[in-house]
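S.K.: Got a structure here, written out as structure tokens. Questions coming.
The values are calculated or read from the model by the stated rules, or taken from the named source; none is laboratory data. If you're wondering where the values come from, they're calculated on a predicted model, not measured in any experiment. Don't worry about glycine lacking a Cβ; one is built from the backbone with ideal geometry, like all the others, and counts go over all protein chains shown.
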Amino acid sequence: MEKGKLIVIEGTDCSGKETQSKLLIKKLKEQNIDCIMFGFPNYDSPTGKIVGGPYLGKQEISECYFKEGAVAVDPKIASLYYSADFKYNIDEINTYLDKGYYVILDRYVTSSLGHQGSKINNKDERFEMFQWIDKLNYWLLGLPKPDITIFLHVPFEYAKELKKNRVAIDEHEKDEEHLKNAEQTYLELVELYNWEYVNCVKDNNLRSIEDINSEIMNIIL
């Protein structure tokens with residue numbers, strides 16, 4: 001049986017990663033393609049709860065344990081928490097890949113690259129951080145590499161407006177400087193890793209969910 005495809009939907013804050021992942025599953029099933037979706041952090045798993053509560057401080061789980069706040073935590077320390085979540089939950093994902101499924105991931109190692117890399121101002125040191133995260137996850141932990149990564153870009157000023165309707169936000173989402181830095185780091189990663197780029201804004205307006213999804217489907221198929 002042919003190996004399945006690992007497809008990562010990554011993006012800036014408020015870019016609709018989960019929404020697009022779910023719609024993508026619906027569209028793929030309509031074409032009789034075996035597919036399944038997973039999201040990271042997996043807040044239903046023990047490791048995901050650790051990331052969501054003690055690190056990110058998601059209010060429905062628990063407050064952040066780090067007095068300095070998640071954004072100030074050393075990027076290597078933070079990356080280890082996320083990598084534990086990837087590793088803990090990867091067996092089920094590999095099972096579906098072995099069955100030939102298209103596995104859609106709402107965030108993955110790509111998020112560690114973007115958010116943890118953004119904590120480092122020096123470009124050369126940031127590149128070394130990218131390499132460290134890659135080595136940790138793909139070599140030392142043996143996680144599968146994505147067949148394709150699709151990056152959804154909503155510029156910060158648009159995301160800021162969209163976020164006004166959110167009731168609960170985590171430590172990363174609270175920090176505007178972090179989100180700006182993450183956006184720039186993600187754009188750097190798009191070029192460096194040759195990710196597929198989807199601009200969610202056209203003619204100074206946010207594109208519709210269906211319009212964006214059509215572009216994603218075209219990329220995949």
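S.K.: Filter region 32-68 down to residues that are touching a residue at least 12 places away in the same chain (Cβ under 8 Å) and among the basic types (Lys, Arg) and give me whichever is nearest to LYS119 (Cα to Cα).
M.R.: LYS58
S.K.: Taking region 137-146 only, how many residues are part of a helix (DSSP H, G or I) and over 17 Å from the mean Cα position of the chain (by Cα)?
M.R.: Residues meeting the conditions: 2.
S.K.: Of all residues in region 96-133, which are of a type in the set (D, E, K, R) and buried (at least 16 other Cβ atoms within 10 Å of the Cβ)?
M.R.: Within region 96-133, ASP106, ARG107, LYS119, ARG126 qualify.
S.K.: May I ask you to list the residues in region 51-75 that are aliphatic (A, V, I, L, M), more than 22 Å from GLU10 (Cβ to Cβ) and touching a helix residue (DSSP H, G or I) at 6+ places or on another chain (Cβ under 6 Å)?
M.R.: ILE61
S.K.: Separate question: So the check is Cβ under 9 Å with 6+ separation or different chains; which pairs have a first residue in region 130-149 that's free of Cβ contacts under 8 Å to residues at least 40 places away in the same chain and a second one that's surrounded by 14 or more Cβ atoms within 10 Å (Cβ to Cβ)?
M.R.: ASP134/VAL109; ASP134/LEU113; TYR138/VAL109; TYR138/PRO144; LEU140/SER83; GLY142/LYS87; GLY142/ILE90
S.K.: Out of all the residues in region 14-42, which are crowded, with 22+ Cβ neighbours inside 10 Å and either among the β-branched types (Val, Ile, Thr) or in contact with a His (Cβ under 8 Å, 6 or more places away or on another chain) (or both)?
M.R.: Selection gives SER15 alone.
S.K.: Having 2 or more residues that are acidic (Asp, Glu) and at pLDDT 95 or above is the bar; report the helices (runs of 4 or more DSSP H) wholly within region 171-221 that clear it. Talk me through it step by step, then tell me what you get.
M.R.: On the way: elements: 171-174, 176-193, 209-220.
Of the helices (runs of 4 or more DSSP H) lying wholly inside region 171-221, those with at least 2 residues that are acidic (Asp, Glu) and at pLDDT 95 or above span 176-193, 209-220.
S.K.: Quick one: which helices (runs of 4 or more DSSP H) sit completely within region 1-119 and have at least 2 residues that are closer than 23 Å to LYS135 by Cα?
M.R.: Those helices (runs of 4 or more DSSP H) span 46-50, 75-98, 109-117.
S.K.: Take the residues in region 134-157 that are more than 29 Å from LYS3 (Cβ to Cβ) and buried (at least 19 other Cβ atoms within 10 Å of the Cβ); name whichever of them is modelled with the lowest pLDDT.
M.R.: Checked region 134-157; the qualifying residue modelled with the lowest pLDDT is VAL154.
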